Amino acid sequence: MAVLHRIVYILMVPLLCLTALQTRAQDIFFNPDPTGVADIAPILQNALNTGHRIIKLPCGTFKVGKAIELPKGVSLIGSGPCSILKMSSGMKTARLYVESFSSSSSHLRAILTNQHVGDTDIVVRSLTLDGNDSPGNAHLISFYRTSRITVEEIRFIGSGTASVQDGISMVSSSNYTIKNNYCEKVSNACYDQWSGSYDFVISNNTIDGDNALRYGILVNGISGNYMSKNTSKFVIKENIIRNVTDLGIGAYGLCAPSKLVCGRVSYGLILGNRIEGVSRYHGVWVGNAKDIRVEHNTILDVAGDAVRIAAQDKGGVTSHILVVDNHIERVDRKGESAIVVGSGTDRPHEVQVSENVIRGYATKVRVGRGASVMENGN
């Protein structure tokens, strides 16, 4: 079995036991300090680089001073939330992650990333990733140009400040699943997909923004160096998102700061999510997008629009959007418009808004000038 699976166990054994068990060194990866004082990154990276395919972590706190680079075909599996990889206050920049950004944003960090461009078949499961001591500009996981990735049963803990931006950043990646995770205390987005990623599912996650997180889940098309990309063929379903400031779920192309170049998103399903408590802006925003369904979601107590269908900037085009069978409510009865289609000079077309249950809003559906909307049964 050891030959077939190359399982490596990280065991909390005292140093005095190391010599006695030396004959098992090919199968057991020792860590004499599970208290978070010593840096585990070098010995864990060595185990990965020498061909071990399954790395199992016991309970304990393991300090990480440099990004752990996961090669293709590796599974990193903890024993549950008690297996903690903790970012060091002296965390170094992640090599691959830098390549995905413009030169002005090069000082970024991650606990986990992929080892090479094109890496496939990576599993990360049953861990806590702790960014409380982040020195700044960090994402807890960053995968760049990867495919066939699974991230599940992870507890993402940011620092409660802007030093940890994203829980997961998926850049130019495909065929991946993010499911059954819990995220708190990050500042930008718990799950951020961009730069032409495609064929992915984000499901059954819980996000608690504690009124400090800006975005729950983001899907956008712009690249790190502000080139237009199309992020497509995605499903966001059955997630719980609460107490964020700006946006529960965003599926919009995103524009460069100059607003001359915009990305695009297409062929997406936003289904069965619960968004509760957005203190400044919107529940779901779809823009610079084509062929997106927003269906059977529950959206409660959102300060802005519960669902907004509008391009982010003048350069974007939004079309073929379906908003159906959603439950939208403001308990304080102070909501202005539940569903907004079009804003300013933006003119979304072929938008269908039907069979939504809306309470607590002065206007159920507001349609901007020139927008093409079929409305029924709201």
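The values are calculated or read from the model by the stated rules, or taken from the named source; none is laboratory data. Only a predicted model underlies this, so the values are computations on that prediction, with no experimental measurement involved. When we count neighbours, we look across all protein chains shown, and the Cβ atoms used for this are built from the backbone with ideal geometry, even at glycine.
Select from region 151-176 the residues that are crowded, with 21+ Cβ neighbours inside 10 Å, in contact with an Asp or Glu (Cβ under 6 Å, 6 or more places away or on another chain) and within 19 Å of ILE122 (Cβ to Cβ) and list them in ascending order.
ASP166, SER169
May I ask you to list the residues in region 127-176 that are part of a strand (DSSP E or B) and among the small types (Gly, Ala, Ser)?
ALA138, SER142, SER147, GLY167, SER169, SER174
Evaluate the following for ASN378: is it buried (at least 17 other Cβ atoms within 10 Å of the Cβ) and over 19 Å from ILE249 (Cα atoms)?
Yes; evaluated as a whole, the condition is true for this residue.
Taking the condition of being of a type in the set (D, E, K, R) and free of Cβ contacts under 8 Å to residues at least 40 places away in the same chain, how many residues in region 41-68 meet it? Give the derivation first.
First pass over region 41-68, keeping only residues of a type in the set (D, E, K, R): 53, 56, 63, 66.
From what is left, the residues that are free of Cβ contacts under 8 Å to residues at least 40 places away in the same chain are 63, 66.
Within region 41-68, residues that are of a type in the set (D, E, K, R) and free of Cβ contacts under 8 Å to residues at least 40 places away in the same chain number 2.
Confirm whether VAL353 is closer than 22 Å to GLY268 by Cα and either over 25 Å from the mean Cα position of the chain (by Cα) or surrounded by 22 or more Cβ atoms within 10 Å (Cβ to Cβ) (or both).
yes
Taking region 177-192 as the search range and keeping residues that are part of a loop (DSSP other than H, G, I, E, B) and at pLDDT 95 or above, which one is surrounded by the most Cβ atoms within 10 Å (Cβ to Cβ)?
ASN181
Go through region 286-301 and give me each residue that's of a type in the set (S, T, N, Q) and at pLDDT below 95. So that I can check it myself, show each step before the final result.
Step one: of region 286-301, the residues of a type in the set (S, T, N, Q) are 288, 297-298.
Of everything in region 286-301, just one residue is of a type in the set (S, T, N, Q) and at pLDDT below 95, namely ASN288.
Cβ contacts < 7 Å: first residue closer than 14 Å to VAL235 by Cα, restricted to region 163-184; second residue among the hydroxyl-bearing types (Ser, Thr, Tyr) and crowded, with 24+ Cβ neighbours inside 10 Å, any location; separation 6+ or different chain. Result?
Correct list of pairs: SER174/SER197; ILE178/TYR191.
With respect to GLY272, is the statement that it is surrounded by 22 or more Cβ atoms within 10 Å (Cβ to Cβ) and either touching a Phe, Trp or Tyr at 6+ places or on another chain (Cβ under 8 Å) or under 20 Å from ILE299 (Cα atoms) (or both) true?
Here the answer is no, as GLY272 does not meet what is asked.
Filter region 117-137 for residues that are small (Gly, Ala, Ser) and farther than 20 Å from SER83 by Cα; which is surrounded by the most Cβ atoms within 10 Å (Cβ to Cβ)?
GLY136
Within region 251-263, is there a residue that is within 19 Å of the chain's Cα centre (by Cα), among the aliphatic types (A, V, I, L, M) and surrounded by 24 or more Cβ atoms within 10 Å (Cβ to Cβ)?
Checked region 251-263: at least one residue is within 19 Å of the chain's Cα centre (by Cα), among the aliphatic types (A, V, I, L, M) and surrounded by 24 or more Cβ atoms within 10 Å (Cβ to Cβ).
Can you go through ASP313, ASP332, ASP305 and tell me which one is modelled with pLDDT of 90 or more, in contact with a strand residue (DSSP E or B) (Cβ under 9 Å, 6 or more places away or on another chain) and part of a loop (DSSP other than H, G, I, E, B)? Even if it seems obvious, please write down each step before you answer.
Working: ASP313 fails: modelled with pLDDT of 90 or more; ASP332 fails: modelled with pLDDT of 90 or more.
Just a single option satisfies the conditions, and that option is ASP305.
Return the pair list, or none, for Cβ contacts closer than 6 Å from residues in region 188-201 that are in contact (Cβ under 8 Å) with a residue 12 or more places away in the chain to residues that are outside any strand (DSSP E or B), at least 6 apart or on different chains.
From residues that are in contact (Cβ under 8 Å) with a residue 12 or more places away in the chain, the pairs are ASN188/ARG214; TRP194/ASN220; SER195/SER172; SER195/SER223; SER195/LYS229; GLY196/SER172; GLY196/LYS229; SER197/SER173.
With region 199-247 as the region, which strands (runs of 3 or more DSSP E) entirely inside it contain at least 1 residues that are surrounded by 24 or more Cβ atoms within 10 Å (Cβ to Cβ) and over 13 Å from the mean Cα position of the chain (by Cα)?
230-237, 240-244
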